[in-house]
Each structure stands twice: as C-alpha cells, then as structure tokens.
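K.L.:
The structure's right below; bear with me while I get my questions together.
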2 protein chains.
Amino acid sequence: MSLPRLGIIGVGLIGGSIACGARAAGGVGGVAGVDADAANLREALDSGVVDFAYDDIAAGAADCDMVVIATPVGAIEAVLRALRPVWSDRAVYTDVGSTKGNVIAAAERVFGQVPSNFVPGHPIAGAERSGVGAARPDLYAGKRVILTPLPETRPAAVDAVETLWRCLGARVSHMAPDHHDEVLAATSHLPHVLAFALTAMLGRKDEQDEIFQYAAGGFRDFTRIASSDPKMWRDICLANGGEILALLRRFREQLRAVESLIEQRSADELFALFTEARDARQRFLDQLEK
Amino acid sequence: MSLPRLGIIGVGLIGGSIACGARAAGGVGGVAGVDADAANLREALDSGVVDFAYDDIAAGAADCDMVVIATPVGAIEAVLRALRPVWSDRAVYTDVGSTKGNVIAAAERVFGQVPSNFVPGHPIAGAERSGVGAARPDLYAGKRVILTPLPETRPAAVDAVETLWRCLGARVSHMAPDHHDEVLAATSHLPHVLAFALTAMLGRKDEQDEIFQYAAGGFRDFTRIASSDPKMWRDICLANGGEILALLRRFREQLRAVESLIEQRSADELFALFTEARDARQRFLDQLEK
C-alpha cells in the first residue's frame, strides 16, 4: 500500500508545520501545498516543506488522500466552496480552525449537510510568528488537538485524522463543537481580546506620557499575545462572537467587583481574591506539566 | 575612609538581592539585615546575604550609613515609625516601594515632614518568587530604578542612593511621585489586577468545566503575573487605589467599545484595533531591547 498523499490548503505556520512534521514522521507519500500568497508558496516549495505547489485549491486537492484546511477561520467557507467540485468520497478532509461552530455552519451552507468525511479539528498550538518560514516539524509535539466530529461523521475518517495528529506527537481529544467554542473562548479568545484591548489603550497613553520605557518583564509576558496576527483574531471574534461577548460581559462585572473592593478598601477580600487567582493558576500549571 | 555599612529592612527577594549585589560589587563594609520572619532571617545569615541579623528594626538600623526599607508597601509606615528613635542625620534612607505617594504621605505622618535624608525609590524588577532564597546579585542589572526625591531632599542623599543602584547595574531615573504612581498604575498595577481578576474568574469556570487542560502557552504567559504575591498586591491596590480605579474604569469602557465592534460585526474596526495593539507592543519591545 502506498503512503497517502497530503494536501495542505494554506501553507503558513500551522499548515507548514503539519506538512514538515508528517514528512519527518515518514507518514506521507507526497505533500501538495496551496497558498494564495505566491512568495510564501515559493518559499514552501524551495524549503522542501511541500513537494508540489498550487495556486488553485481544486487542482491542489484533487488527488490527495487527506486534505487539511489550514487557512484563517474567515476563509474556510470559501475554501470548502472551492473544494466542492473535486470533493472525493475516498478522501478525508479536516481543518484547523480556532472556532468550530462556524466551520460546521459553513460546511452546511456549502454542502447542504456536513460531509461525513469532513472532520472538524483544532490544534491548540501556535506562536506570534506566522508564514511558512516559522513552520517546524515539532510544533505539535505534546500539544493538544481537539476534534469535534458530528454524529454523521464516519469513524474511519475520524481515525485517519487522529492518526495524522498522533504521528505529529499531539494528544487528541474529542469534544462537542459548542463545548469547544465555549472552552476556547475562555482559555484563548478572551485573553487575546483583553491583551489587544489593553495594549491599544496603553499605546495611546504611551504616545502622550512615554510609559512603555518603565514597563518590564511582567508587562512583556502579559501582552505577548497582543503581538498575534490581527487578521486571524478579527476572524475569530466574528466567528465566535456569542461566546466571547458573554465572557467579556462577565469579565467587566468581575472588574466592577474588584473596583468596589478597592473603593471600600476591603483588604481581606482583595487578599482572598488574589490568593484564589494564584491558586487557580498553580492548578493550571500543574496540569500543563503533566 | 571605611566602606559604608548597609542596613536592609526586609531581607526578601528585593532586599536580599540589594544586599548580595552590593557585596558582590565590593561597595559595602557590612550588611545588617532585619526581618520579622525568623526562618527567612536565619537563611539570609547562613547563606551570607547579610553579616548581622536583627529582629528589631531600630537595633538593626542604628549604626548604618545607608538603610534600605525593602518591606511590602503596607508595612513602610510602621517601619518608619520604628526607625524614628534612631533616625540619624548622618545616614541616608531609601525604600523600594512600588507606590510612592503613599510612602511620602506615611513619612509626613511619622515625621511631620519628609526627612531631607529620605529618598523614596522604586526598582522596576521582581519575580513571582519571593523570600531571600530567590535573591540574586544580578537582579537589578540593566533594570530601571525610579527615584522620586522631593524639593527638600538633600542632593547628597539622592547621589548616595543613585550610587548604590548604579553599582548594582541599574539605570536610574528621577520622576515626580504622582507621575510615578500614574505611570506604574498603567504599566504594572493595572495588568496585575487584570491578570488576578481573569485567573480567579476562569478558575471558577475550571472547577465546573475543566477548561485549564485546554489552555496553552499563551495563557501561561498572560496569567504569569497572577502568580505574584497576594499580600504585596493587596497593599499596592490600597496604596495606589485612585490611579488604579481610574484605569480600571477606562479599561471597562475600552472593553465595552470592543464588545460593540463584535456585536456590530465591524470587521475593519476590529482589524484596526488589533493592528494598533500589535504595533504598540512592538514599540514597547523595541524600547525594552535598547
């Protein structure tokens, strides 16, 4: 049996790392890359991340056994539409979008119902850097990947996608799409929005008062995710707006409560809140190291 | 001329690092340490961070040429009160409190007016770890220290404190106390309060939904400062409440504006805001590396 041919739609950090990780693991017979950015696509080809380069989605995906859609979330519906004419019942399709409800809704709009060989997925990995130049074969080693198959998704398709991620060293979980979007809104989307909002606000103050020269390592780490790709995060905010809005409102209430504690000089309650936060973070760290 | 004798009130991470840094630089003739925590004080003595250990503030400070108050902000008034009987016109006094207006107010309450040989100061350095075991001589290398002398502060006292920090490798700036408190509220106090508030809120959600297992490196960095000392940050919130409250209110307005953009699906405005944030952070990083 020959090794499967892999198609990567969007050969950036995420897609490029899947390509070179799968190749390093010896699990693919050839990688076809599709990218709208000609310079990025050429770099992917020249550096050996992909074997074949296409600017046309249907052409690139046509003969593949597995196709990974690794574009920003906002582009997935258009990619599915471009794939429809060449969609093969013998192939398996997946995506890496940071939100899942909207990807499933897009698939329903394009195909009438979600194809049984399409497995929605999300690797929880990334970096501020982007583009194929940042890709590396070990990006997913030890990282979590969440698959959100539907009742109608074929088990064999789920197994194939799971095998791909396992060969990249990832730990695979399954989750209902709604639950995925709720969990990721809390652990990823809300923190990103807060970091962007704070850094923009303080950036305006810096232009007046030159405050950044007195910021240190804590500020650097707190704002690191504000260096993320604005386009990707615009898409996520639109794709998972409901969950993000609910959490933003809750967080504003939480801040209002902290303000009350400061206004009333409630030393014990402030201490208790900060201790609760420190303990919660320790619980998170303990899990991260497991 | 003999080398000056240094007194450190509070031999934790901050005070301990001053002691061992000054010793490593060869700038002190002996270090007297005062600490209320007997085990911490013994560790400071056994590890050679201090030469003499005292549990009494007046006794420890009595023969020193320079006394550094390195306790949490909330304890500084009590320390000044304990120092008053042995306050020497020939010595120089300084502190390392993260807020300056309240330290100056405390000095006024204790002495009637701020002594001309007391130089309020703040090194912008630290870590989540605390205690003398975390102290290291290079903690201040390349870090900023802000001094907030008053018009009545003796220039010779300011020079002496500045010399101490320079010999630890720090970069010293001067600032009006109010401006210090406004700047630090933005670059340090607000981010800490946000990190504590978010981590406590999500910790409650984690108890229900086990969300932390799906959080990754971005979340770890964003919440790092939520592992800071709750007592220290309670004190800072009470000491600089006015500035922190003003910024918390502004930040809630900023979040409300982001919510509107998401509600109205204003893609271009979201993209512009996130780009503004990313550019502002790059400006901060460029300065940090200078």
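Coordinate-derived values only; no laboratory data. Note that the structure is a prediction, hence the values are computed from the model and not measured. Here Cβ is always computed from backbone atoms with ideal geometry, including for glycine, and neighbour counts include all displayed protein chains.
K.L.:
Just to be sure I understand the model, the point goes 7 Å from the Cα along the line to the Cβ. What's the resulting A:Glu289 to A:Leu3 distance in nm?
P.N.:
It is 3.8 nm.
K.L.:
Quick check: pseudo-label points 7 Å beyond the Cα along Cα→Cβ at B:Arg154 and B:Asp63, how many nm apart are they?
P.N.:
According to this spin-label approximation, the distance is 2.1 nm.
K.L.:
Sticking with this one: Ignore the peptide's own chain and count Cβ atoms of other chains within 10 Å of each Cβ in A:232-243; give me the average, rounded.
P.N.:
4
K.L.:
How far apart are the B:Arg204 label points across copies, placing each 7 Å from Cα toward Cβ, in nm, shortest first?
P.N.:
Those label-point separations list as 3.0 nm.
K.L.:
In addition: Give, rounded to the nearest 20 debye, the magnitude of the charge dipole that the stretch A:180-289 has about its Cα centre when Lys and Arg contribute +1 at Cβ and Asp and Glu contribute -1 at Cβ. If you can, show how the numbers build up before the last one.
P.N.:
On the way: 14 positive and 19 negative charges, 40 e Å.
Computed charge dipole of the stretch A:180-289: roughly 200 debye.
K.L.:
If you average 1/r across every pair of different Cα atoms in chain B and take the reciprocal, what Kirkwood value do you get, in Å?
P.N.:
Numbers: mean 1/r = 0.0484 Å⁻¹.
When all Cα pairs of chain B are included, the Kirkwood radius is 20.7 Å.
K.L.:
May I ask you to list the residues of the stretch B:47-76 whose amide nitrogen lies under 18 Å from a point 7 Å from Cα along the Cα→beta-carbon direction of B:Ala25?
P.N.:
B:49-51, B:65-70
K.L.:
Could you tell me which GluC sites (Glu not before Pro) in the stretch A:201-290 are loop residues by DSSP with no more than 16 other beta carbons within 10 angstrom of their beta carbon? Don't skip to the answer; put the middle values down first.
P.N.:
On the way: sites: A:Glu207, A:Glu210, A:Glu243, A:Glu253, A:Glu259, A:Glu263, A:Glu269, A:Glu276, A:Glu289; in loops: A:Glu210.
Counting only loop positions with at most 16 other Cβ atoms within 10 Å, the GluC sites (Glu not before Pro) in the stretch A:201-290 are A:Glu210.
K.L.:
Shortest first, in nm, what separates the label point of A:Ala246 from those of the same position in the other copies (7 Å along Cα→Cβ)?
P.N.:
Distances to the matching label points in the other copies: 3.7 nm.
K.L.:
So if R0 is 41 Å, what FRET efficiency would A:Arg250 and B:His174 give, r being the distance between their Cβ atoms, rounded to the nearest 0.05?
P.N.:
Working: r = 42 Å, r/R0 = 1.03.
With a Förster radius of 41 Å, E is 0.45.
K.L.:
Considering only DSSP beta bridges whose two residues both sit in the stretch A:112-192, what percent are antiparallel, to the nearest 5?
P.N.:
Working: 4 of 8 bridges.
Around 50 percent of the beta bridges assigned by DSSP in the stretch A:112-192 are antiparallel ones.
K.L.:
Right, next: As a test of the formula, what do you get for chain B when each DSSP H run with n ≥ 4 contributes -39,500 (n - 2.57) and the sum is divided by the residue count, at 222 nm and rounded to the nearest 500 deg cm²/dmol? Please list the in-between numbers first.
P.N.:
Values: 12 runs with 148 residues, N = 290.
Helix contribution divided over all residues of chain B: -16000 deg cm²/dmol.
K.L.:
Further, regarding this structure: Kyte-Doolittle cut-off -1.0, length cut-off 24 Å along the helix's own axis using Cα: show which whole DSSP H helices in chain A pass.
P.N.:
Working: long enough: A:190-209 (28 Å, 0.06); A:241-263 (32 Å, 0.07); A:267-289 (33 Å, -0.50).
Correct list, ordered by number: A:190-209, A:241-263, A:267-289.
K.L.:
Give the whole-number value, in cubic angstrom per residue, of the convex hull volume spanned by the C-alpha atoms of the protein assembly as shown. Can you show the working numbers first?
P.N.:
On the way: hull volume 91.4 nm³, N = 580.
Enclosed volume per residue, from the Cα hull, is 158 Å³.
K.L.:
Near the amide H of B:Val145, under 5 Å away, which other amide H atoms are found, from residues 5 or more places off or on another chain, if H is placed in the peptide plane?
P.N.:
Excluding prolines and chain starts, which carry no amide H, the hits are B:Ile124, B:Arg171, B:Val172, B:Ser173.
K.L.:
To continue, here is another question. Just report the Cα centroid separation between the stretch A:1-65 and the stretch B:38-61, whole Å.
P.N.:
Using only Cα atoms to place each centre, the spacing works out to 64 Å.
K.L.:
Now for a separate question. Would you mind working out the magnitude of the charge dipole of the protein assembly as shown relative to its Cα centre, with +1 at each Lys and Arg C-beta and -1 at each Asp and Glu C-beta, to the nearest 20 Debye? Working shown, then result.
P.N.:
Details: 60 positive and 76 negative charges, 50 e Å.
Result for the protein assembly as shown is approximately 240 debye, rounded to the nearest 20.
K.L.:
Need one value for B:181-189: mean number of C-beta atoms belonging to other chains within 10 Å of its residues' C-beta atoms.
P.N.:
On the way: counts 0, 3, 9, 3, 1, 11, 12, 7, 0.
Other-chain Cβ atoms within 10 Å of each residue's Cβ, averaged: 5.
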